[in-house]
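Pasting a structure below so you can have a look.
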Amino acid sequence: MEQAKPLMDEGARLRALNSYGILDTPREPGFDDIAALAAEICGTPIAVVNFIGDGRQFFKAEVGLGVRETPLESSFCRQAILQSDFLYVPDAAQDPRFACNPLVTGEPGLRFYAGALLKTEDGLPIGTVCVLDTKPHELTERQQDSLRRLARQTMAQLEQRRAALAYQAQKELQDRILESATDYAVIAMDRSGRVTRWNAGAEQILGWREDEMLGDPCHVFFTPEDRVAGRPETEMALALQNGCAPDERWHLRKGGARFWASSEVMPLRAGNGEIQGFLKILRDRTQQRQDAAILHKVRDQLHLAVSATDLGIFDYDLVMDDLGWDARVHALFGLPPEAPVTYDTFLAGLHPDDRGWVDAAVKAALDPAGDGSYDIAYRTVGLKDGVERWIAAKGQVFFADGRAVRFIGTVRDITPSRHAEQTLRETEERYRLASRATNDAIWDWNLASDHIRWNEAVQTLFGYAADEVGPSGSWWKSHIHPDDRERVKASIYAVIDGSSDHWTDEYRFLRADGSYAAILDRGYVLRDPHGKAVRMIGAMLDITARKRAEEHQRLLTGELQHRVKNTLAMVQAIASQTLRGATDINEVREAFSARLISLGRTHDILTQASWTEAPIADVVEGALSVHRQAEASRIRISGPNVLLAARAALSLALALHELATNAAKYGALSNESGVVELRWYVVHEGDAPRFCLTWSEQGGPPILTQPTRRGFGSRLIERSFASEVGGEVKLTFAPTGLTCRLEAPLASMQEQSDAVAA
């Protein structure tokens, strides 16, 4: 058993949880799949992806509970987050931490728990992926390891979710910046120079609307002579070569009017560094060209435009040893805009693991023997906020008289892209490991070549040898049940040929032994830039056991309906017989209530066994519990363990209740000294064993005369026992006390109804 670790910083833990924005969010397939997979791997009816908040626990995904949130006071997971990695409780009733837990001692009667911690990169626990059962349960080492892997998958989804939220927020901020910068024409282009984004400033300065320009080449706002000279292509080439291509020249407005503009072209890169296109920022400088004072102001505005693209600028006067940072660079080093900086400030703000080699890279750039270029990526640790960031820095050193005199450059925050790269690598590795560890048959279908690549689970799941698994979509389709095949083909091609990305269906799939497995199949479509489906990835889950469980549940529902009808008929008979010839309404009420209570106790016993069979000891105890509470030593019970069918259990319980009630009123339990001997046994004689039960009373008031008529109790015993199970009832009224002998074929006492047997 793992030892609890010291108390953690609860505030830090809750802040870490809140950073993912996961609490009170709706269900999501990715988390639902993890819960379902945990239940399937561990063989438990209950599985939960759970997050522990401030005084509450929230279920992002659950199987077998039907609720999204429960109080924290009695939570197993509250103990789990105190562990270093894993909490494993094979039998909660035997574990001193949980033996008195109301979830164990009361409803739902939990007995088993296993939970793998959900931990942040800083080791803070925010929840669990856990499985539970209402009976003791053991997990293999492999199952425990699988639960840990699912916890790590959950954290990976959380990190991707957080990154996506941050990316969306950043994108929205950039969009607002672009649209608010109406003094600047901000134009995004693809690699060939065709316009993909045209902000409001571009429409104001150049005259064309965005819908007029999208997809057209940027050449239209260059002068004819610049187009002939290939100036648009030159700008893009210089941007690729140098990282940016600043320029000032004449441009054209819609209608042909010329204006003087300053501009800068920069390459747009994807997270993996691949060039996606170009960004051109253009400013109308017609008037500023005539006025040197205005020219200085325009430089400041162009500087702001560069800032809108997330670039920071540094300027190091090496002669005066004066280092200048703009607000963006200050922020990337965790400093306020007005904070003074020196080269030592720069070194202090670097990550300790990067400080030495970055210092060496700067000194190499300052060496007159080199070309003065500077292009590196490094980590900073905020000097005030302590935040770690990834920075891409580019610069150029200027030399005079054989010495470095000025060092100018830009920095850019690349933290999201670096984290995305790391997440991608980890995701790919997790996918590789998960595809080997999962029980799902994972498939990757190249729609152009009809080639399918399967993981090894397709062999273990359906019993095929490796060389029996066909590498084509045709092989898969041919193994779908003939009655399902056309429907499944129609559904999957409706997704492939349509615009949806997700497909799911249920069907029967042929196993190697000739039987069919019930399958839940899910797939995701990958499309090219034109929307054409080129690839599809999915997983086949064997839901045969679930289908059987659903069928069993349907049969149990039918049996319940049958039992309710029979019970109502029995209640009607009890009411009819109780009221027949009655003169005392209070006595009638008491007798009727007692009989219904006895019937209800037996129903409880049978319900716990799903109305299949119940131990005779439980049936006897339930029927006599009222009398044994006060007269435990006066009712002596013995007999072997015999399992009774539902009908026999109800009949026997009602018969025993009537015998005990009569004994309390008139017989051995009506005085202070009488006793009852209750014995049952199985007689193995002849071809079929027989069940025998004897009720003997002694020490009660003597029976001086034989009864002149049979009461309802006698009739009820005969009706409920003799007629229901084909048994024999013999009542003997001896002077020493009543003896009742019940006997029936053992088979009739244990025979199930047709509905349950089916």
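Need pairs with beta-carbon distance below 8 Å; first residue among the polar types (S, T, N, Q) and within the stretch 467-488, second in a strand (DSSP E or B); sequence gap 6+ or separate chains.
Ser472/His451; Ser472/Ile452
Those residues that are assigned to a loop (DSSP other than H, G, I, E, B) and either not assigned by TED's automatic domain parsing to the domain that holds Pro102 or not charged (D, E, K, R) (or both), I need them from the stretch 112-148; list them, please. If you could, list the steps in order and put the result at the bottom.
As a first pass, look at the stretch 112-148 and keep what is assigned to a loop (DSSP other than H, G, I, E, B): 120-124, 134-140.
Within the stretch 112-148, Thr120, Gly123, Leu124, Thr134, Pro136, His137, Leu139, Thr140 qualify.
Residues that are within 22 Å of Leu731 (Cβ to Cβ), out of contact with any strand residue (DSSP E or B) (no Cβ under 9 Å at 6 or more places or on another chain) and either in the same structural domain as Gly109 (by TED's automatic domain parsing) or at pLDDT 85 or above (or both): does the stretch 666-676 have at least one?
Looking through the stretch 666-676, at least one residue is within 22 Å of Leu731 (Cβ to Cβ), out of contact with any strand residue (DSSP E or B) (no Cβ under 9 Å at 6 or more places or on another chain) and either in the same structural domain as Gly109 (by TED's automatic domain parsing) or at pLDDT 85 or above (or both).
Looking at Val49, is it in contact (Cβ under 8 Å) with a residue 60 or more places away in the chain and either aliphatic (A, V, I, L, M) or exposed (fewer than 14 other Cβ atoms within 10 Å of the Cβ) (or both)?
On the way: in contact (Cβ under 8 Å) with a residue 60 or more places away in the chain: yes; either aliphatic (A, V, I, L, M) or exposed (fewer than 14 other Cβ atoms within 10 Å of the Cβ) (or both): yes.
For Val49, the condition - in contact (Cβ under 8 Å) with a residue 60 or more places away in the chain and either aliphatic (A, V, I, L, M) or exposed (fewer than 14 other Cβ atoms within 10 Å of the Cβ) (or both) - is met.
Is there any pair with a first residue in the stretch 71-94 that is closer than 12 Å to Gly115 by Cβ and not assigned by TED's automatic domain parsing to the domain that holds Gly109 and a second that is surrounded by fewer than 14 Cβ atoms within 10 Å (Cβ to Cβ) and at pLDDT 90 or above whose Cβ atoms are under 9 Å apart and which are 6 or more apart or on different chains, and what are they?
Pairs that qualify, where the first residue is closer than 12 Å to Gly115 by Cβ and not assigned by TED's automatic domain parsing to the domain that holds Gly109 and the partner is surrounded by fewer than 14 Cβ atoms within 10 Å (Cβ to Cβ) and at pLDDT 90 or above: there are none.
Looking at the stretch 311-326, which of the residues that are of a type in the set (D, E, K, R) and in contact (Cβ under 8 Å) with a residue 40 or more places away in the chain is surrounded by the fewest Cβ atoms within 10 Å (Cβ to Cβ)?
To start, the set of residues in the stretch 311-326 that are of a type in the set (D, E, K, R) comprises 315, 317, 321-322, 326.
With in contact (Cβ under 8 Å) with a residue 40 or more places away in the chain added as a condition, the list becomes 315, 317.
Working: Asp315: 15, Asp317: 13.
Checked the stretch 311-326; the qualifying residue surrounded by the fewest Cβ atoms within 10 Å (Cβ to Cβ) is Asp317.
Considering Ala245, Ala239, which residue is out of contact with any Gly (no Cβ under 7 Å at 6 or more places or on another chain), surrounded by 18 or more Cβ atoms within 10 Å (Cβ to Cβ), free of Cβ contacts under 8 Å to residues at least 24 places away in the same chain and not aromatic (Phe, Trp, Tyr)?
Ala245
Hey, could you check the stretch 381-392 for residues that are in contact with a strand residue (DSSP E or B) (Cβ under 9 Å, 6 or more places away or on another chain) and assigned to a loop (DSSP other than H, G, I, E, B) and say which is surrounded by the most Cβ atoms within 10 Å (Cβ to Cβ)?
First, pick out the residues of the stretch 381-392 that are in contact with a strand residue (DSSP E or B) (Cβ under 9 Å, 6 or more places away or on another chain): 381-382, 387-392.
From what's left, assigned to a loop (DSSP other than H, G, I, E, B): 382, 387.
Details: Gly382: 15, Val387: 13.
Filtering first and then ranking leaves Gly382.
For Val265, indicate whether it is of a type in the set (A, V, I, L, M), over 47 Å from the mean Cα position of the chain (by Cα) and either more than 29 Å from Ala392 (Cβ to Cβ) or not in a helix (DSSP H, G or I) (or both).
no
Sticking with this structure for a sec: So, in the stretch 67-81, exactly how many residues are surrounded by fewer than 17 Cβ atoms within 10 Å (Cβ to Cβ), modelled with pLDDT under 85 and part of a loop (DSSP other than H, G, I, E, B)?
3
Does Gly667 qualify as being touching a residue at least 60 places away in the same chain (Cβ under 8 Å) and over 56 Å from the mean Cα position of the chain (by Cα)?
When the stated conditions are applied, Gly667 passes them.
Can I ask one more? With respect to the numbered conditions (1) of a type in the set (S, T, N, Q); (2) modelled with pLDDT of 90 or more; (3) farther than 19 Å from Glu506 by Cα; (4) assigned to a helix (DSSP H, G or I), which one is the sole condition not fulfilled by Ser449?
Single failed check for Ser449: (4).
Conditions (1) among the aliphatic types (A, V, I, L, M); (2) surrounded by 22 or more Cβ atoms within 10 Å (Cβ to Cβ); (3) more than 22 Å from Ala614 (Cα to Cα), marked per residue:
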site: Ala648; (1), (2), (3): yes, yes, no
site: Glu658; (1), (2), (3): no, yes, no
site: Thr661; (1), (2), (3): no, no, yes
site: Ala664; (1), (2), (3): yes, no, yes
site: Gly674; (1), (2), (3): no, no, yes
site: Phe691; (1), (2), (3): no, yes, no
site: Pro702; (1), (2), (3): no, no, yes
site: Pro707; (1), (2), (3): no, no, yes
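Separate question: For the stretch 89-108, which residues satisfy the criterion of being assigned to a loop (DSSP other than H, G, I, E, B) and of a type outside the set (D, E, K, R)?
As a first pass, look at the stretch 89-108 and keep what is assigned to a loop (DSSP other than H, G, I, E, B): 90-91, 95-101, 106-108.
Within the stretch 89-108, Pro90, Pro96, Phe98, Ala99, Cys100, Asn101, Gly106, Pro108 meet the criteria.
Which numbered condition in (1) free of Cβ contacts under 8 Å to residues at least 60 places away in the same chain; (2) not in a loop (DSSP other than H, G, I, E, B) is the only one that Ala38 fails?
(1)
Follow-up question, since we're still on this one. Inside the stretch 393-414, can you point out the residues that are among the hydrophobic types (A, V, I, L, M, F, W, C) and not in a strand (DSSP E or B)?
From the stretch 393-414, those among the hydrophobic types (A, V, I, L, M, F, W, C) are 393, 397-400, 404-405, 407-408, 411, 414; that's our starting set.
Ile414 - this is the single residue of the stretch 393-414 that is among the hydrophobic types (A, V, I, L, M, F, W, C) and not in a strand (DSSP E or B).
Would you please name the residue that is surrounded by the most Cβ atoms within 10 Å (Cβ to Cβ), looking only at residues in the stretch 493-523 that are in contact with a Gly (Cβ under 7 Å, 6 or more places away or on another chain) and outside any loop (DSSP other than H, G, I, E, B)?
My answer is Asp521.
Picking from Asp133, Asp145, which residue would you name as being touching a Lys or Arg at 6+ places or on another chain (Cβ under 8 Å), acidic (Asp, Glu), under 24 Å from Ile34 (Cβ atoms) and modelled with pLDDT of 90 or more? Before the answer, list the steps.
Numbers: Asp145 fails: touching a Lys or Arg at 6+ places or on another chain (Cβ under 8 Å).
Unique residue meeting the criteria: Asp133.
Right, another one. Is there a residue in the stretch 464-472 that is surrounded by 12 or more Cβ atoms within 10 Å (Cβ to Cβ), within 30 Å of the chain's Cα centre (by Cα) and assigned by TED's automatic domain parsing to the domain that holds Arg535?
no
In addition: Out of Leu110, Leu87, Leu14, which single residue is of a type in the set (A, V, I, L, M) and surrounded by fewer than 21 Cβ atoms within 10 Å (Cβ to Cβ)?
Sole residue among the options that is of a type in the set (A, V, I, L, M) and surrounded by fewer than 21 Cβ atoms within 10 Å (Cβ to Cβ): Leu14.
Scan the stretch 222-247 residue by residue and report those that are touching a strand residue (DSSP E or B) at 6+ places or on another chain (Cβ under 6 Å) and under 19 Å from Leu311 (Cβ atoms).
Glu235, Met236, Leu238, Ala239, Leu240, Gly243, Cys244, Ala245, Pro246, Asp247
List pairs: first in the stretch 623-646 and on the phi > 0 side of the Ramachandran plot and of a type in the set (Val, Ile, Thr), second surrounded by 19 or more Cβ atoms within 10 Å (Cβ to Cβ) and modelled with pLDDT of 80 or more, Cβ under 8 Å, 6+ apart or cross-chain?
none
Within the stretch 524-533, track down each residue that is part of a loop (DSSP other than H, G, I, E, B) and either free of Cβ contacts under 8 Å to residues at least 24 places away in the same chain or not assigned by TED's automatic domain parsing to the domain that holds Lys477 (or both). First the steps, then the outcome.
Step one: of the stretch 524-533, the residues part of a loop (DSSP other than H, G, I, E, B) are 528-532.
Across the stretch 524-533, the qualifying residues are Asp528, Pro529, His530, Lys532.
Being within 25 Å of the chain's Cα centre (by Cα) and among the aliphatic types (A, V, I, L, M) is the filter here, so list the residues in the stretch 518-539 that pass it.
We begin by selecting, within the stretch 518-539, every residue within 25 Å of the chain's Cα centre (by Cα); these are 518-526, 536-539.
Scanning the stretch 518-539 gives Ala518, Ile519, Leu520, Val525, Leu526, Met536, Ile537, Ala539.
Looking at the stretch 222-237 only, could you name the residues that are over 56 Å from the mean Cα position of the chain (by Cα) and either assigned to a helix (DSSP H, G or I) or on the phi > 0 side of the Ramachandran plot (or both)?
Pro224, Glu225, Asp226, Arg227, Val228
The values are calculated or read from the model by the stated rules, or taken from the named source; none is laboratory data. The structure presented is a predicted model; accordingly, all values stated were derived computationally and were not measured. Neighbour counts run over all protein chains shown; Cβ positions are idealised from the backbone, glycine included.
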